[in-house]
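This report concerns only the one structure given below.
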Amino acid sequence: MDRVRRGPGLAVVVALVAGALAGGLAGGFPDLHVYRYGGDTVLHGGGLYDADDPVTGYPFTYPPFAALLMVPLAVVPGWVAAAAWTGASTAALVATVALVLRAQDRPVPAWLLVGTGVAALGLEPVWQTLSFGQVNLLLVLALLVDLLGPRRRWSGVLVGVAAGIKLTPLVLVVLLVLVGRRTDAGRAVATFAVTVALGFVALPGPAASYWTDGLLEARRVGPPALAHNQSVHGALTRVLGEPAPVWLWLLVAGPVALAVLAVAVRRWRDGDELLAACLAGIAMLVASPVSWSHHWVWAVPLALVLWGRSRLAALAWTAVFVARPFTWPPWAEGREYDWRWFEHLPGNAYLLAGLALTVAAAVPGAVSGRTRRGTGPGPGPSATPGRPGPGGSPAASPSPRSDGSPRGPGRAR
């Protein structure tokens, strides 16, 4: 039975990798080049944050721990790294689809994975992630597995590792605390602390530079006003006509992110842990000073949630991430500063869609549901609450380039 299940699943991944790799070759994998530069700096020395990747001209903007993880990409030829990275990202996309469907007690036949995976490639955050060679799909899968998987002794570790790579997953520590998973939150914080320590041990100079100078420097990863920055900070910058000061960004983004988290906590306590986890992903994007459009790969699990609950909401949500309205007004080279008032609506489409969904989730019965926990992304029979699942453990009860994309978001963040 497992062999029969794995065969179609492997075919799905191979087919999607082929398509994604073709798209990625057209995009040139700029962020993957930056990742490889970070790994190469670990191996051969140099200032990780003092120079830019010689291929793309982009800086490495992640914590030092992330550079340690990129070493394997630096020791193989570029085409091998591109194929392996694209394959891993595509497999993560398929696994995320399977996890979300299982969490809703829906069957996961191979044809559904094929159809959903192909459809997901039409979402701008997904194809941008693959063409840039970004890490986003891998992080979303890791976070969903940690939040929605069965409670284990290592629960919270993946959140900590993800935070060590990209910082913003620290928002999920707040979610874990507020929903009563304080032990898991502690593991996440401890794991994050270990990643910071490893960075200082392996790269003491760059680590000191990152944690003292570059942590809040949003402009280092690209122009914050660029339309592709779908964050509160980006929206404020475009409205003000200049980069928003840190105090104003914190004053606005902080309460908004906390409001999104509050709705997530409410949905979690009502048994809708899947929607809650995805809303926490939106809170991460709201809180970050720079949330490039490809960071919004949380659109994939949220689209799957909505398709099972409200077709109208699902259509509207999917349309936004296919049409990428933020590119409709003039953009790049500071033209966002000249937007007329009505151009800010499509220009901040992802951010506004995320906030609108949060408002809908706050209304009982609008897009709410229940989640069956303990559902992993891999193959196997689904468990029934209170009965042994796969492996014999009890299952929990429900509770501008040629493609039109800018060089700015290509900067690895």
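Scanning region 110-148 for residues that are more than 14 Å from the chain's Cα centre (by Cα), surrounded by fewer than 24 Cβ atoms within 10 Å (Cβ to Cβ) and over 25 Å from ALA319 (Cβ atoms) returns a single hit, ALA110.
No other residue among PRO385, PRO394 is surrounded by fewer than 19 Cβ atoms within 10 Å (Cβ to Cβ), in contact with a strand residue (DSSP E or B) (Cβ under 7 Å, 6 or more places away or on another chain), over 30 Å from GLY57 (Cα atoms) and at pLDDT below 95 apart from PRO394.
Table: residues versus (1) in the same structural domain as ALA356 (by TED's automatic domain parsing); (2) within 16 Å of LEU148 (Cβ to Cβ); (3) out of contact with any Lys or Arg (no Cβ under 8 Å at 6 or more places or on another chain).
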{"position": "LEU251", "(1), (2), (3)": "yes, no, yes"}
{"position": "VAL256", "(1), (2), (3)": "yes, no, yes"}
{"position": "ALA264", "(1), (2), (3)": "yes, yes, yes"}
{"position": "TRP268", "(1), (2), (3)": "yes, yes, yes"}
{"position": "ALA276", "(1), (2), (3)": "yes, yes, no"}
{"position": "LEU279", "(1), (2), (3)": "yes, yes, no"}
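Please work out if ALA361 is in the same structural domain as GLY271 (by TED's automatic domain parsing), over 24 Å from TRP127 (Cα atoms) and within 21 Å of the chain's Cα centre (by Cα). Considered against the rule, which asks whether it is in the same structural domain as GLY271 (by TED's automatic domain parsing), over 24 Å from TRP127 (Cα atoms) and within 21 Å of the chain's Cα centre (by Cα), ALA361 comes out as yes.
For every residue, the table says whether it meets (1) touching a Pro at 6+ places or on another chain (Cβ under 9 Å); (2) within 27 Å of LEU279 (Cβ to Cβ); (3) crowded, with 18+ Cβ neighbours inside 10 Å.
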position: TRP328; (1), (2), (3): yes, yes, no
position: ALA332; (1), (2), (3): yes, no, no
position: LEU345; (1), (2), (3): yes, yes, no
position: ALA349; (1), (2), (3): yes, yes, yes
position: LEU355; (1), (2), (3): no, yes, no
position: VAL363; (1), (2), (3): no, yes, no
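Sort out which residues of region 255-289 are farther than 18 Å from ALA353 by Cα and either surrounded by fewer than 24 Cβ atoms within 10 Å (Cβ to Cβ) or among the charged types (D, E, K, R) (or both), and write them in order of number. Listed by number, the residues that qualify are VAL265, ARG266, ARG267, ARG269, ASP270, GLY271, ASP272, GLU273. For region 210-224, the condition holds for at least one residue, the condition being that it is over 22 Å from the mean Cα position of the chain (by Cα) and among the charged types (D, E, K, R).
Taken together, the criteria place LEU158 among residues that are under 19 Å from the mean Cα position of the chain (by Cα) and within 26 Å of ALA303 (Cβ to Cβ). Listed by position, the helices (runs of 4 or more DSSP H) enclosed by region 149-223 that each have at least 2 residues that are farther than 19 Å from GLY47 by Cα and in the same structural domain as ALA98 (by TED's automatic domain parsing) are 157-166, 171-178, 182-202.
For region 96-119, the count of residues that are under 19 Å from PHE29 (Cβ atoms) and either at pLDDT 85 or above or assigned to a helix (DSSP H, G or I) (or both) is zero.
The values are calculated or read from the model by the stated rules, or taken from the named source; none is laboratory data. What you are looking at is a predicted structure, and each value in this text was computed from that prediction instead of being measured. Heads up, the Cβs are rebuilt from the backbone with ideal geometry, glycines too, and the neighbour counts pull from every protein chain shown.
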